[in-house]
Number of protein chains: 2
Amino acid sequence: MLEAADTLFAQADGPERVTMDAIAAACSVGKGTLFRAFGSRAGLLDALWATKIDALRASVESGVAPFRQETLPQQRLAAFLDLILTFKLDNRHLIRALEFGPGILQSPHYRWMLGVTAGFIEEGMGSPPEGVVLYNAHTLLAALHIDLIEDMLANGLSLDTIREAQARRVYMAVGITESDYKTLVRT
Amino acid sequence: MLEAADTLFAQADGPERVTMDAIAAACSVGKGTLFRAFGSRAGLLDALWATKIDALRASVESGVAPFRQETLPQQRLAAFLDLILTFKLDNRHLIRALEFGPGILQSPHYRWMLGVTAGFIEEGMGSPPEGVVLYNAHTLLAALHIDLIEDMLANGLSLDTIREAQARRVYMAVGITESDYKTLVRT
DNA sequence: TGACTTTCGGACCATGAGTCCAGATTTACG
DNA sequence: CGTAAATCTGGACTCATGGTCCGAAAGTCA
């Protein structure tokens, strides 16, 4: 049932074009059933997102590949954000639908990403000023808005350029110590 | 006419609650007239935004106060972003309506902000790697999404904390030279 | 088989953006 | 002025879409 919806989103040119009626039809099921199962459009999108994101979650939490404990937090963070980037591009229509609805920031999935990101940042920085960790985590994720990414891609930035700039930014957000920052500002 | 709409947005608790019918009624005008004047809801929002943003535009382009040529680009950028922050908070409902609609990134107003931001960054950095200026400009602005700001405010970060973190980030985006960055990464 | 419960599906409702045209208002002109 | 043409106005109407609801179908048990 989710698969049918997923296919529809993947094929459609815009997420707004995928109506609940269309999804119900694609599942050869009544609209009532669809709504009984997911409660609302948002619920359906959430459920879809959940199935998609489980792979990410698993690889991060089971500490394999670039996420083993020995790897520098900076590198784990960079790898994590890069993973999210490709994930979003792979599911751009679904993600677009999610990010245009209100309340993504409250969604458990976003909250999870935020927590992971903040964790890596905290590991990487010493004891940063109050709020900086959370701010940096939020803004790193904000740089991954699908709309923004696609706009950059459509305006001449290559995916690799974006990747590099993002990595650069990660090191800046995490790798610089407070004292480095202070000497920098003082000049 | 725009004033009436503005008042409605300011009073309503959510921008979705402000319907075109309501605006037409508040203007004591027919819906037809409203649509003839602005073309669509998006057009109306845009027109409203334009009137609001003109003040910002003027102060930045006329080079007064924190925007005189002598001021460091970093400081001008920080001042600019801070201005946008307060501007967005002052007009949160309107801005929310804009940012939830698709295509803000294409809007001339956003493009203007992007240009100004990128200009300051370029002034402040030497000759950064291809695409970094644009990337940094985009992501600095992305950190100002009203939804994000309000979420942070609702989760214990004070406005001053956000301001400080933002300033910090500006200096990192602009103030660090390429060689500083490289020695940093190498460690 | 027959009474009772659960689930299904699509007709139906509510809402809000955008259209359209009959009438009002203004302009043009003799 | 008076009248005809041109323009403008407002709100009734269409249309799309998320969400509800109820009669029917299917399942369950004795």
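The values are calculated or read from the model by the stated rules, or taken from the named source; none is laboratory data. Keep in mind that this is a model prediction, so the values were computed, not measured. Every residue, glycine among them, receives a Cβ derived from its backbone with ideal geometry; neighbour counts consider all protein chains shown. Surface accessibility is based on the protein's heavy atoms, side chains included, excluding ligands, DNA and RNA. Shrake-Rupley method; radii C 1.70, N 1.55, O 1.52, S 1.80 Å.
A few notes on this one:
- Only residues that are farther than 21 Å from A:R92 by Cα and in contact (Cβ under 8 Å) with a residue 12 or more places away in the chain were counted in the range A:128-166, giving 6.
- Selection within the range A:129-167 - among the hydrophobic types (A, V, I, L, M, F, W, C) and more than 7 Å from chain B (Cβ to nearest Cβ): A:V133, A:A137, A:L140, A:L141, A:L144, A:I146, A:I149, A:L153, A:A154, A:L159, A:A167
- Within the range A:88-128, considering residues that are among the hydroxyl-bearing types (S, T, Y) and open to solvent by less than 40 Å² (accessible area, probe 1.4 Å), the one farthest from the other protein chains (Cβ to nearest Cβ): A:T117
- Helices (runs of 4 or more DSSP H) within the range A:1-83 that include 3 or more residues away from DNA strand C (no atom under 16 Å from the Cβ) and open to solvent by 50 Å² or more (accessible area, probe 1.4 Å): A:2-11, A:41-61
- Any hit, the range B:169-182, residues being open to solvent by less than 20 Å² (accessible area, probe 1.4 Å) and at pLDDT 85 or above: yes
- Single unsatisfied condition, A:E3 versus (1) within 25 Å of B:G14 (Cα to Cα); (2) more than 16 Å from DNA strand D (Cβ to nearest atom); (3) not assigned by TED's automatic domain parsing to the domain that holds A:A167: (1)
- Selection of the range A:129-159 for residues being on the phi < 0 side of the Ramachandran plot, open to solvent by 30 Å² or more (accessible area, probe 1.4 Å) and assigned to a loop (DSSP other than H, G, I, E, B) yields A:P129, A:E130, A:H145, A:N155, A:S158.
- A search for C-beta distances below 9 Å between a residue of the range A:40-56 that is within 18 Å of A:G30 (Cα to Cα) and any residue that is open to solvent by 50 Å² or more (accessible area, probe 1.4 Å) and more than 16 Å from DNA strand D (Cβ to nearest atom), counting only pairs 6+ apart in sequence or on different chains, returns nothing.
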